[in-house]
Amino acid sequence: MASYALRPVDDSFLDDAALVIRSTVDLAATPAQVWEALGSDEMWSWLPVIDQVEWLTPRPHSEGCVRRLRLGKFLTVDEEFYRWDVEKRATFRVTAQNRNVLDALIEDFVLEPSDKGTRLTWTMALTPNRGKRLPLGFLAPLLAPGNTVAIGGIKKIIR
């Protein structure tokens with residue numbers, strides 16, 4: 001993959017990014033079942049825009065594991081998980097991309113036991129690359145419900 005590095009960021013970016021979208025879904029599954037789905041090869045398989053997911057590090061996954069994801073045959077990114085708290089929380093930052101469109105991106109997945117089973121909160125935080133004019137004010141209201149629908153698709157692979 002031709003590679004452009006992204007700016008390294010940490011948890012503070014989850015609040016400070018140009019665009020932060022939080023989506024929550026309640027799942028009738030245990031945290032263990034949700035965790036297994038999050039780390040599976042099938043994660044995001046229900047979204048046609050994500051056409052390839054490949055783990056570059058062997059199982060079992062842990063902090064430091066790397067995954068490559070391709071969006072719409074256009075953008076391929078390498079994701080490094082800097083947090084891997086089994087059945088509780090996983091957080092990754094995008095470290096490289098094949099097209100120079102993002103300055104920084106983090107995604108955070110938090111699992112909490114709930115009356116229904118598990119509450120999963122997905123936070124996506126991103127800043128586009130300087131000079132790239134994304135209409136962030138326009139995108140936020142579209143991404144929020146879209147992300148909620150997207151993460152809700154995990155129900156299709158929970159066993």
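Just a few scattered comments:
- Hey, R99 outside any strand (DSSP E or B) and modelled with pLDDT of 90 or more or not: yes
- Taking region 54-86 as the range and being over 20 Å from N100 (Cα atoms) and hydrophobic (A, V, I, L, M, F, W, C) as the test, the residues that pass are W55, L56, C65, F81, W84, V86.
- Within region 1-49, tally of residues that are among the polar types (S, T, N, Q), over 25 Å from D115 (Cβ atoms) and modelled with pLDDT of 95 or more: 1
- In region 102-131, the residues that are more than 25 Å from R159 (Cα to Cα) and surrounded by fewer than 17 Cβ atoms within 10 Å (Cβ to Cβ) reach residues that are at pLDDT below 95 and among the charged types (D, E, K, R) with C-beta atoms within less than 7 angstrom, at least six apart or across chains, in these pairs: N129/D103; R130/D103.
- When E80 is tested against (1) part of a strand (DSSP E or B); (2) touching a residue at least 60 places away in the same chain (Cβ under 8 Å), just one condition goes unmet, and that condition is (2).
- Total residues in region 83-101, condition in contact (Cβ under 8 Å) with a residue 40 or more places away in the chain and either surrounded by fewer than 17 Cβ atoms within 10 Å (Cβ to Cβ) or under 14 Å from the mean Cα position of the chain (by Cα) (or both): 11
Residue-by-condition table, conditions (1) within 22 Å of P145 (Cα to Cα); (2) surrounded by 13 or more Cβ atoms within 10 Å (Cβ to Cβ):
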site: V20; (1), (2): yes, yes
site: V25; (1), (2): yes, yes
site: A37; (1), (2): yes, yes
site: I50; (1), (2): yes, yes
site: L56; (1), (2): no, no
site: R59; (1), (2): no, no
site: L71; (1), (2): yes, yes
site: D78; (1), (2): no, yes
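- Answer from L75, L143, L134 - the residue that is in contact with a Lys or Arg (Cβ under 6 Å, 6 or more places away or on another chain) and either modelled with pLDDT under 95 or of a type in the set (D, E, K, R) (or both): L75
- A count restricted to region 20-51 and to residues that are under 14 Å from the mean Cα position of the chain (by Cα) and not in a loop (DSSP other than H, G, I, E, B) stands at 9.
The values are calculated or read from the model by the stated rules, or taken from the named source; none is laboratory data. No experiment lies behind these values; they were computed from the predicted model shown. Cβ atoms come from the backbone with ideal geometry, glycine included; neighbour counts cover every protein chain shown.
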